[in-house]
1. Could you tell me which numbered condition Ala252 fails, if it satisfies all but one of (1) over 20 Å from Gly50 (Cβ atoms); (2) in contact with a Phe, Trp or Tyr (Cβ under 8 Å, 6 or more places away or on another chain); (3) crowded, with 16+ Cβ neighbours inside 10 Å; (4) not charged (D, E, K, R)?
2. Take the residues in the stretch 335-362 that are open to solvent by 80 Å² or more (accessible area, probe 1.4 Å) and under 23 Å from the mean Cα position of the chain (by Cα); name whichever of them is modelled with the highest pLDDT.
3. Please find, within the stretch 266-288, the residue that is surrounded by the most Cβ atoms within 10 Å (Cβ to Cβ) out of those that are modelled with pLDDT of 95 or more and among the charged types (D, E, K, R).
4. With (1) within 25 Å of the chain's Cα centre (by Cα); (2) open to solvent by 50 Å² or more (accessible area, probe 1.4 Å) as the list, and Cys312 as the residue in question, which single condition is left unmet?
5. If you scan the stretch 106-130, which residues turn out to be open to solvent by 30 Å² or more (accessible area, probe 1.4 Å) and either under 20 Å from Glu7 (Cβ atoms) or of a type in the set (Val, Ile, Thr) (or both)?
6. Could you list, in sequence order, the residues of the stretch 363-410 that are under 25 Å from Ala245 (Cα atoms), open to solvent by less than 50 Å² (accessible area, probe 1.4 Å) and small (Gly, Ala, Ser)?
7. Can you tell me which residues in the stretch 180-193 are open to solvent by 10 Å² or more (accessible area, probe 1.4 Å) and closer than 20 Å to His309 by Cβ?
8. Just checking, does the stretch 148-156 include any residue being open to solvent by less than 40 Å² (accessible area, probe 1.4 Å), touching a strand residue (DSSP E or B) at 6+ places or on another chain (Cβ under 8 Å) and of a type in the set (Ser, Thr, Tyr)?
Amino acid sequence: MRFQKAEDVIAIIEQRKNRGYGLDHFKAYMASLGNPQDRLRSIHIAGTNGKGSTTNDIRSILQTAGYKVGSFTSPFMITHLDRIRINDQDIREDAFLAITNRFYDSWMEWDLSMFEIDMCIAVFYYLEEQVDFCVFETGLGGRKDATNILQPLVSVITNIGMDHMEFLGDTLEKIAKEKAGIVKEGIDLITAEDKECCLQVFQKHTASAHAQCIKAGEISNIQETADGLSFDYGNLKDVALYGKARYQCRNAALAIEVCLYLQRQGHIRLTEAQLRTGLHQAVWIGRFETISKEPLIILDGAHNADGIHALCETLKQMEDVQVLFSVLKDKNFEAMLQELETVCGEILVVPFYNERALDVKLLEGRKHIHLMESYEQGIAYALQKAKPLVITGSLYFISDVRKYLIKKGYAG
């Protein structure tokens, strides 16, 4: 089969989300192609929250330093093609089609999943475009994830929280073990995690792999600036970020630690000015994104209890905020709502169009909860009140809402 349009390919591969036969099967497929991923200089990132932001921070720093950088993230925010990027630009449709037409028959023969197909496309795109570095975010977990075919320059784990427990385990230690499955022989691990039970798991894995477990340092002196925040990290004072999300300071600190490590290892040359500029320019859509200033509408992809807790640390700095919320049914929505109730008096809960979305009628009659029939109705209701509106609960949800708001002319 030969495809002429990316949308035709995407329609097929998005039907393959739950296919595939495990990492060994995908490793065998990539081995049949000569293990092309081994020719990439990669950074591999796992964790419960902050993977996408940390990936983007590292990409921006390296790009500012003059390197050509690929980034692989999920889920997509605007189009499927934005999962695979070089220097913050989506994969070109002609390149996407060329790789698809080259490998499509083998994907079907091996019965690969959507994520495995995307991974294969990314590897060949980055090789063909001769990127200097590429940053890969895991999809789910680490040990069994399709990205775990990589032999990276360094492995990174942002943090550990209680999410995807049906796949990763029902304790922090079990989840940490799955994430630590990205650790490879002789390849160091850098983490922003500070819970001792998780660090012990990481240290056990790195010791077995004859590698170091490096913990990012503490951040301090978080201050609001005209367009965002600043913080201190080690010898770096007043590191400036664009945007007001306090949780991004931690992601940025981890990115700093990773880039300084790459410099110490002789992989990159980086000035302090390039590091600072890269971080300030590292805007990541859907993460405390101000999509409209008047009225003030903010989109945030917090999609589990830890993510909502981090979001609420920022919302505490705002006055009279209202929240529009929707969530997938496999998330701990009770804990998420309890966190949100600490910062706002009324939460507008709405459905959205996803087979995994929660049936919002389960929340009927709950104090502080106002059920709406649709997010379109919820937005219209909220905007009548002339209060800041924060929309959160699911990356899939805010992706849908973002498109709607742009179509309605609110963006800007």
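1. Among (1) over 20 Å from Gly50 (Cβ atoms); (2) in contact with a Phe, Trp or Tyr (Cβ under 8 Å, 6 or more places away or on another chain); (3) crowded, with 16+ Cβ neighbours inside 10 Å; (4) not charged (D, E, K, R), Ala252 violates only (1).
2. Step one: of the stretch 335-362, the residues open to solvent by 80 Å² or more (accessible area, probe 1.4 Å) are 338, 342, 353, 355, 359, 361-362.
Remaining after also requiring under 23 Å from the mean Cα position of the chain (by Cα): 353, 355.
Details: Tyr353: 85, Glu355: 82.
Within the stretch 335-362, the match that is modelled with the highest pLDDT is Tyr353.
3. Arg276
4. (2)
5. Matches in the stretch 106-130: Met108, Phe115.
6. Listed by number, the residues that qualify are Gly378, Ala382, Gly393, Ser394, Ser399.
7. Keep residues of the stretch 180-193 that are open to solvent by 10 Å² or more (accessible area, probe 1.4 Å), which gives 181, 183-188, 192.
Correct list: Ala192 only.
8. Yes.
The values are calculated or read from the model by the stated rules, or taken from the named source; none is laboratory data. Treat the numbers as computed from the prediction; the structure is a model and nothing was measured. Reconstructed Cβ throughout: ideal geometry from the backbone, glycine too, with neighbour counts over all protein chains shown. Calculation scope for accessible area: heavy atoms of the full protein, side chains included, ligands and nucleic acids excluded. Shrake-Rupley method; radii C 1.70, N 1.55, O 1.52, S 1.80 Å.
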